Amino acid sequence: MSTAIVRIVSELRSIVAAWRREGLKIAVVPTMGALHEGHLSLVRAALAKADRVIVTLFVNPRQFNNADDLAAYPRTEHDDAAKLASAGAHILYAPDAADIYPQGFGTTVAVGGVSEGLCGTFRPGHFDGVATVVTKLLLQTGADLAFFGEKDFQQLHVVRQLVRDLDIPIEIIAGPTVREADGLAMSSRNARLSLAERNRAPRLAEILVQTAERLSSGQLIKRVLSEAQEAILAAGFSKVEYLELRADSDLASIVRLDRPARLLVAAWLGQTRLIDNLQVALPRPEVVHQAAA
Ligand code: AMP
């Protein structure tokens, strides 16, 4: 099957309108391209739930708070289109920046609450850029379902919040983080790691797994997190921006593991910033009992 490449919103809208007349269910998977298995897992999940799948490819300048990061971002549209064709996606919507943000564009979607802290602290303006472009892409595609990865867990919450607040009639579906065989969360930015860095990178996920286990076994949150931070630095990362335990459902800060939680991290390996996160299981009842005793 071939995947049609569409660049103009009016063309996209007329294809979607025809699908609607046929009563088809439509899904969208927003991406910035340089597609890997993480993206493709979302495309497959979308194909399983919808009749037609639109994958958007837009390297959104407004969500980059660092010009070098934007310039270095991989652009591989030809390969992406081939991967989408073999996955069975119906449309690759790859608009130009000048069409998404034409002269005179003046609106910013700023989501409060969930976009504060974590990446929101270290990447000023990032979530405004994400929220603005995601709002546009959801409205432009008019899809019934939109798929986002848990890899970007805070982003997933930002998107859920904006859809709720703005009454956008779309269901947000999350897909689990897809990892390399050694545990490293797949990311388009992993290609920037040197060989030595690539060999060290999986330690981040390993430390998250060990830390989540220690937390679930009832050990003191503060101490476990500070030891994990030291372990990340000892593994060769140059800086830990944050390592935090938050509530899974709304990203609220938590000081006790009394509800489903998420461990979230951002750390630099050389010139590359990596993020990852992991669900933390609630302590087993006997652990809670011991801690209370
Ligand atoms: P990006 O192209 O990095 O903006 O990502 C596009 C979508 O793919 C987002 O919803 C991401 O959360 C998701 N994604 C990126 N990497 C992964 C991964 N390793 N596993 C699952 N989803 C991912």
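The values are calculated or read from the model by the stated rules, or taken from the named source; none is laboratory data. These figures come from a predicted structure and were not determined experimentally. For neighbour counting, all protein chains shown are included, and Cβ atoms are generated from backbone atoms with ideal geometry for every residue, glycine included. In case anyone asks, the SASA skips ligands and DNA or RNA and just uses the protein heavy atoms, side chains included. Shrake-Rupley method; radii C 1.70, N 1.55, O 1.52, S 1.80 Å.
Observations on the model:
- Amide H contacts under 5 Å for residue 175, placed H, 5+ residues apart: 148, 149, 150
- Sum of -39500 (n - 2.57) over DSSP H runs of 4+, divided by residues of the chain (222 nm, nearest 500): -12500 deg cm²/dmol
- Tensor-based shape of the chain (alpha-carbon gyration tensor, a/c under 1.5 rounded, otherwise prolate or oblate): prolate
- Here the chain has 52 percent of its accessible surface on carbon and sulfur atoms, given a 1.4 Å probe and all protein chains in place.
- Centroid-to-centroid, using Cα positions, region 71-99 and region 122-146 are 17 Å apart.
- q = 0.17, 0.20, 0.23, 0.27 Å⁻¹, region 59-122: log10 I(q)/I(0) [Debye, one scatterer per Cα]: -0.91, -1.05, -1.09, -1.15
- Taking all Cα pairs closer than 8 Å and separated by 6 or more residues, the relative contact order of region 12-117 comes to 29 percent.
- Each peptide in 189-195, 26-32 gets a packing score, the mean of other Cβ atoms within 10 Å over its residues, and the list from highest to lowest is 26-32, 189-195.
- Built amide H within the under 5 Å cut-off of residue 56, gap 5+: 29, 31, 93
- Highest-first arrangement of 163-169, 131-137, 50-56, where packing means the average Cβ count within 10 Å: 50-56, 131-137, 163-169
- Summary of packing: across the peptides 11-24, 221-234, the per-residue average of other C-beta atoms within 10 Å ranks them, highest first, as 221-234, 11-24.
- Computed on the chain, with alpha-carbon pairs under 8 angstrom and 6+ residues apart, the relative contact order is 17 percent.
- Those aspartates and glutamates that a straight Cα-Cα span of less than 16 Å connects to residue 25, excepting residues fewer than 8 apart in one chain: 51, 144, 171
- Across all C-alpha atoms in region 4-175, the radius of gyration and Dmax reach 15.3, 46 Å.
- Distances between placed amide hydrogens fall under 5 Å for residue 242 paired with 266, all partners being 5 or more residues away or on another chain.
- The residues of the chain expose on average 47 square angstrom of accessible surface per residue, using a 1.4 Å probe on protein heavy atoms.
- Whole-Hz ³J(HN,Hα) from phi, Karplus 6.51 cos²θ - 1.76 cosθ + 1.60, for region 92-103, glycine and proline x: 9, 9, 10, x, 7, 4, 5, 8, 6, 10, x, 3
- Exceeding the 24 Å Cα-Cα cut-off - candidates 151/239; 83/239; 136/239: 83/239; 136/239
- What the phi angles of region 242-252 give under the Karplus curve with 6.51, -1.76 and 1.60, with θ = phi - 60°, is a coupling list of 7, 9, 9, 9, 10, 5, 4, 7, 9, 6, 5 Hz, glycine and proline written as x.
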